[in-house]
Amino acid sequence: MIFSIIITSLLVALDQYSKYLATNYLMGNSPVVVIPGVLGLRYVENTGAAFSMLSNSTDFLIVVTAIAMLVMAYVFWYKNYGDSFEKLCFTLIIAGGIGNLIDRVLNGFVVDYFEFLFMKFAVFNVADVYVCTGIALYALYTFYVEFYKKRGNNG
């Protein structure tokens, strides 16, 4: 549990520092191309959730995110549910949730800055990467485990 809390704290600090840099160097300036045709940096204030869903619902998102993060932390850290890999996945998800929750509470919006240039996609941040990576890894892991359970039971 302590290790997960330390990792979560470090990940949240990295997210907040990246948002600090985005605010200080991108806000009010033209977008920056990092990899031509692929990745750019553009300051955006997102009052919604993923893909700007529920825009201007900051209070609702604060409550839902806080409850979700507390429940997940309780189940995966305090109740010690899951194996080490599952805990890693949920540590990523919790760190991302906390990172964006801090923005919503302090600013009323989430600072986003990564922008794919090769397709129309939401502008996002490090916390979003944590959440998406944690969910994707957990989904792949679950499919892998279930596949081998079924395979083992069938032959």
All but one of (1) under 26 Å from LYS87 (Cα atoms); (2) loosely packed, with under 13 Cβ neighbours inside 10 Å; (3) of a type in the set (A, V, I, L, M); (4) without any contact (Cβ under 8 Å) to a residue 24 or more places away in the chain hold for MET1, so report the exception by its number.
(4)
Taking TYR81 as the residue in question, decide whether it is within 28 Å of TYR144 (Cβ to Cβ), surrounded by fewer than 18 Cβ atoms within 10 Å (Cβ to Cβ) and touching a Lys or Arg at 6+ places or on another chain (Cβ under 9 Å).
yes
Result of the Cβ filter at 8 Å on segment 10-29, keeping first residues that are polar (S, T, N, Q) and partners that are at pLDDT 95 or above, at least 6 apart or interchain, is GLN16/GLY99; GLN16/ILE102; SER18/TYR113; SER18/ASN125; SER18/VAL126; THR23/TYR43; THR23/VAL111; ASN29/TYR43
Look through segment 46-56, keep the residues that are part of a helix (DSSP H, G or I) and either of a type in the set (Gly, Ala, Ser) or surrounded by 13 or more Cβ atoms within 10 Å (Cβ to Cβ) (or both), and return whichever of them is modelled with the lowest pLDDT.
SER52
So TYR43 fits all but one of (1) part of a helix (DSSP H, G or I); (2) at pLDDT 95 or above; (3) of a type outside the set (S, T, N, Q); what number is the exception?
(1)
Tally the residues that are under 30 Å from TYR81 (Cβ atoms), of a type in the set (A, V, I, L, M, F, W, C) and either surrounded by 14 or more Cβ atoms within 10 Å (Cβ to Cβ) or in contact with a Cys (Cβ under 9 Å, 6 or more places away or on another chain) (or both), restricting the search to segment 4-45.
4
Which listed residue, of ILE94, ILE135, ILE67, is more than 27 Å from VAL32 (Cβ to Cβ) and touching a residue at least 60 places away in the same chain (Cβ under 8 Å)
ILE94
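The values are calculated or read from the model by the stated rules, or taken from the named source; none is laboratory data. This is a predicted model, so every value here is computed, not measured. Positions of Cβ are backbone-derived with ideal geometry, glycine not excepted, and every protein chain shown enters the neighbour counts.
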